[in-house]
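Asks: Mind looking over this structure? Questions follow.
The values are calculated or read from the model by the stated rules, or taken from the named source; none is laboratory data. In this text the structure is predicted, and so the values were computed from the model without any measurement. No Cβ is skipped: glycine too gets one built from the backbone with ideal geometry, and neighbour counts run over all protein chains shown. Surface areas here come from the heavy atoms of the whole protein model, side chains and all, with no ligands, DNA or RNA. Shrake-Rupley method; radii C 1.70, N 1.55, O 1.52, S 1.80 Å.
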Amino acid sequence: MAKQNKKAMVPKLRFPEFRENGDWSVDPLAEMANFVNEKVPLSGVSTSEYVSTENLLPDCGGVVAASKLPAVGAVTQYRDGDVLISNIRPYLRKVWQADRNGGASNDVIVVRAKAALSSSFLASVLKSDAFIGYVMAGAKGVKMPRGDVDSMRQYPLAHPCEREQKKIAECLTSLDEVIAAQGRKVETLKTYKRSLMQQLFPRGGETLPRLRFPEFRGGPEWKEVKAGTLFASRSERGNDSLPLYSVTMTDGLVKRTSLDRRIDDLAEATGNKKAHRYDIAYNMMRMWQGACGVAGEQCMVSPAYVVLAPQSGVHSPFYGYLFKLPQMLRLFTSHSRGLTEDRLRLYYQDFSGISLPQPEVREQEQIANCLLALDARIAKESVKMVALRDHKKGLMQQLFPVLEEA
């Protein structure tokens, strides 16, 4: 955008003390900020200071310490206050405002505000949907799109006076802190759940868990039985009256219509398998990664899935949690057939020979109910976090003017 074509704009929502300040100015990003190219040797950068596309977190979630440093080479020097943007798959929104000095890989763009621009205001702009959408519109590549740096330099940056910039940045930073605190709360609950599951189920080779509910502490040891005794293979055909479900890694069985990815459905419902409520369906090509779920209602699933029908003395939600444990995933891997990971398949015949623990059904129910209640708490807190993010998104749409074509 050339200087003579600058447009002046006003946001829909403005702090009272700035309502009479007039319009915002619009300049190319490169005129208001520097794209840093300073290089420093790796020898001067620690793992806590090194930033790459791998340790930048999505959705502007910050950064974690790098697991290792590259073997050789130099990195782009960044300073406290700079904004770092992953230039691989920009839609992941890996954008972070640095709170330290360090070095960044070549796939990370470092942007530094010039004197007339607040660094926190710049960070808010570069985290916005408007900027990410602009970058994606000019990105190159399909599977691993990369942003065009020359195009980023020309991004039309709307900005008010420095005092108003700082006021907006303070508002959004405060909201970011609330969102971050909510995110930590969700992660703490998830960590607690993982730890609790390790306590509620026996270790490999053991017959009792380390943590047991009081009413079962004097009870018998857990039995070890073959999976084929606990679950039969169900091969009933689907019908048009049933909803179609898919297995996901994180959420178990979910309605296929809720997924945002494209899936080619079978033309005939009878080509799918029928699952009854409390059946467990698993993707035999991904069971070693935990791709399974308990059916919450009667439904259909892909014919490529294995449907497990629980037998007497089996509470399926208990086994739904058991099947997610790391030691179980290793066991599923060892019983899967295939030469490489992407070809591993766990057929029912091989699954049925795996030894599984079987406590009394009442204890199964107690453990499952405890974990289900914890999942409900995690879901509730996650909804709050999404609501906060949506609130911020809506607020930013009000606090920044809409950039339209001249």
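Asks: Order these peptides, 369-382, 303-316, 83-96, by their mean beta-carbon neighbour count within 10 angstrom, highest first.
Replies: Working: 369-382: 14.3, 303-316: 18.5, 83-96: 21.7.
Packing proxy ranking, top to bottom: 83-96, 303-316, 369-382.
Asks: Another question, if that's okay. Okay, helix-only estimate at 222 nm for the chain: each DSSP H run of n ≥ 4 adds -39500 (n - 2.57), divide by all residues, round to 500 deg cm²/dmol; what do you get? Walk me through the numbers before you get to the answer.
Replies: Values: 10 runs with 129 residues, N = 406.
So the calculated ellipticity at 222 nm is -10000 deg cm²/dmol.
Asks: Tell me which residues come under 5 Å, amide H to amide H, from A232 once H is placed; ignore anything under 5 positions away on its chain.
Replies: Those lying under 5 Å, H to H, from A232 are A309, Q311.
Asks: Follow-up. How large a share of the accessible area of the stretch 338-406, in percent, is made up of carbon and sulfur atoms when the probe is 1.4 Å and the other protein chains stay in place? Each step should come with its number before you reach the end.
Replies: Numbers: 2130 of 4080 Å².
Ligands and nucleic acids excluded, carbon and sulfur give 52 percent.
Asks: I'd like the distance separating the alpha-carbon centroids of the stretch 47-93 and the stretch 295-337, in whole Å.
Replies: The distance from the Cα centre of the stretch 47-93 to that of the stretch 295-337 comes to 38 Å.
Asks: Mind giving me the nanometre distance, one decimal, between the label points for L208 and E177, set 7 Å out from Cα along Cα→Cβ?
Replies: 4.9
Asks: Under 1.5 on a/c is rounded, so check that first for the chain, then, if it is not, pick prolate when a/b is larger than b/c and oblate when it is not; a ≥ b ≥ c are the square roots of the alpha carbon gyration tensor eigenvalues.
Replies: Values: a/c = 2.26, a/b = 2.09, b/c = 1.08.
Because a/c hits 1.5 or more and a/b exceeds b/c, the chain counts as prolate.
Asks: Something else: Mind checking which of V186, V75, V142 has the largest fluctuation in a GNM of the chain, springs on alpha carbons under 10 Å?
Replies: Residue with maximal mean-square fluctuation among V186, V75, V142: V142.
Asks: Using amide H atoms built in the peptide plane, which far-off residues or other-chain residues are under 5 Å from K223 H to H?
Replies: The answer is Q358.
Asks: Heavy-atom accessible area per residue, the stretch 247-406, 1.4 Å probe: how many Å²? Walk me through the numbers on the way to the answer.
Replies: On the way: 8350 Å² over 160 residues.
Value returned for the stretch 247-406: 52 Å² of accessible area per residue.
Asks: Let me ask you something else. Determine the per residue accessible area of the stretch 68-114 with all protein chains present and a 1.4 angstrom probe, expressed in square angstrom. It would help to have the intermediate numbers written out before the result.
Replies: Numbers: 2000 Å² over 47 residues.
It amounts to 43 Å² per residue over the stretch 68-114.
Asks: Specify whether the C-alpha gyration tensor of the stretch 347-406 places it in the rounded, prolate or oblate class, a ≥ b ≥ c being the square roots of the eigenvalues: rounded for a/c under 1.5, otherwise prolate if a/b is larger than b/c and oblate if not.
Replies: oblate
Asks: What does the net charge come to around M396 if you take all other residues with beta carbon closer than 12 Å to its beta carbon, with K and R at +1 and D and E at -1? Present the calculation step by step, with values, prior to reporting the outcome.
Replies: Numbers: positive: K12, K127, R389, K392, K393; negative: D129, D176, D390.
With Lys, Arg at +1 and Asp, Glu at -1, the net is +2.
Asks: Separate question: Take the alpha carbon gyration tensor of the stretch 262-344, find the square roots of its eigenvalues, order them as a ≥ b ≥ c, and report rounded if a/c is under 1.5; if not, report prolate when a/b exceeds b/c, else oblate. Present the calculation step by step, with values, prior to reporting the outcome.
Replies: Working: a/c = 2.31, a/b = 1.12, b/c = 2.06.
Note, shape of the stretch 262-344 comes out oblate.
Asks: Can you give me the % of accessible surface on the stretch 71-189 that is carbon or sulfur? Probe 1.4 Å, all protein chains present, nothing else counted.
Replies: Numbers: 2780 of 5380 Å².
Summing carbon and sulfur atoms, their accessible area is 52 percent of the total for the stretch 71-189.
Asks: Which pairs in the list K193/K392; K226/K273; K255/K324; K127/K324; K324/K380; K94/K114 are over 26 Å apart, alpha-carbon to alpha-carbon? Intermediate results must be reported in sequence, preceding the final value.
Replies: Numbers: K193/K392 29 Å; K226/K273 24 Å; K255/K324 20 Å; K127/K324 35 Å; K324/K380 21 Å; K94/K114 22 Å.
Check vs 26 Å cut-off fails for K193/K392; K127/K324.
Asks: List the aspartates and glutamates whose alpha-carbon lies under 18 Å from that of K167, not counting same-chain residues fewer than 8 positions away?
Replies: Excluding near neighbours in sequence, the set is E17, E20, D23, D176, E177.
Asks: Gain in length, K166 to K140, computed as 0.36 nm per residue apart minus the alpha-carbon separation, to one decimal in nm?
Replies: Values: separation 26, 0.36 × 26 = 9.36 nm, distance 3.40 nm.
Stretched fully, the K166-K140 segment lengthens by 6.0 nm.
Asks: How large is the convex hull of the Cα atoms of the stretch 1-123 per residue, expressed in Å³ as a whole number? Could the numbers behind the result be given before it?
Replies: Details: hull volume 16.8 nm³, N = 123.
About 137 Å³ per residue, rounded to a whole number.
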